[in-house]
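The structure appears right after this line, and notes come after that.
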Amino acid sequence: MTRDLILQTAMQQYATYGIRGVSMNEIAHSLRISKKTLYCNFKNKEELILESVRTETAKIRKTLEHHVADSSCALEALLRFKRGMYQRHLCICPAFHRDLPGFPPAYSKFIEFKNQMRQRVRELFEQAIGEGMLIREQNYDLMAHLYAEDTENSAGQYELMLTLLRGSCTPRGKEWIDRFQYTDQGI
C-alpha cells in the first residue's frame, strides 16, 4: 500500500463528504487495509489532511504550469486554467472548505497556496498586458484575488471570470477570446 494511494483515497473522500465527514476508519475500510497500516503511514488524521492538501495543491500548481507551457499566450493559459478549476470543483463538496479551517496546519498550507496562486495569476495578467491582449487600466490585483478565492467556490464563477477577462481585453484580445472560445480547441 503506497502513501500516494492513501492520499488519493483520502482526498477523494474529503472532497465527497467533507473532512469531518470522513474518519480514519472509513479511509482504511475503503482501502481494505487495517487502521494500524494507515497509522503506520500517517500518525493521525491531521497529518493525513495536511499531506492531502500538500499533494492536491501541488497538482493544481502543476496543472497551471502545464497550461502556461502548452498555451499560445497568457490569456489562453488563464482561460484553460480557470475552466479546469471550475470542472475540478464540481466534484468538491462545500463541506470540505468549511471544515478545513478546523485543521490549522492544513489550512495554513492552503492559504499559502492561494497566495502563491494569486501572485502567479497576477504575473500572467502582466504577461497578457505585454502581449497586447489586456488593457493596462484594470484592477488585476482584484482579479487575481478572485482567481485565488475561486479555488473555494467555483460554481458559476467561470462565466464571471470569462466576462471580466473579456471586458479587460484590448480589441485584439476580444477577437482572440471570441475566436478561441468557439474553435474545436475549446477552453
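Of note:
- With a Förster radius of 25 Å applied to the beta-carbon distance between Q119 and K62, the computed FRET efficiency rounds to 0.95.
- Given +1 at the Cβ of Lys and Arg, -1 at the Cβ of Asp and Glu and no other charges, the dipole of the chain around its Cα centre is 580 debye to the nearest 20.
- Projecting the Cα atoms of P101, G21, T37 onto the charge dipole of the chain, computed from C-beta unit charges around the Cα centre, puts T37 farthest toward the positive end.
- Protection proxy ranking, peptides 119-131, 168-180, average beta carbon neighbours within 10 Å, highest first: 119-131, 168-180
- Relative packing of peptides 74-81, 103-110 - highest average C-beta neighbours within 10 Å first: 74-81, 103-110
- Here the chain exposes an accessible surface that is 51 percent carbon and sulfur, computed with a 1.4 Å probe and the other protein chains kept in place.
- More than 18 Å apart - percent of Cα-Cα pairs taken over the range 1-81: 48 percent
- Pair K43, E159: separation of 7 Å Cα→Cβ label points (nm): 4.9 nm
- Two-decimal Rg to Rh for the chain - Kirkwood Rh, Cα set: 1.05
- For the chain, the solvent-accessible area of protein heavy atoms averages 52 Å² per residue (probe radius 1.4 Å; ligands and nucleic acids excluded).
- The relative contact order of the chain comes to 23 percent, based on Cα pairs under 8 Å that sit 6 or more residues apart.
- Length added when fully stretched, L5-D178, from 0.36 nm per residue minus Cα-Cα: 58.2 nm
The values are calculated or read from the model by the stated rules, or taken from the named source; none is laboratory data. Worth saying up front: this structure is predicted, and the values here are computed from it rather than measured. All Cβ positions, glycine included, derive from the backbone under ideal geometry; neighbour counts span all protein chains shown. What goes into the accessible areas is simple: the full protein's heavy atoms, side chains included, and nothing from ligands, DNA or RNA. Shrake-Rupley method; radii C 1.70, N 1.55, O 1.52, S 1.80 Å.
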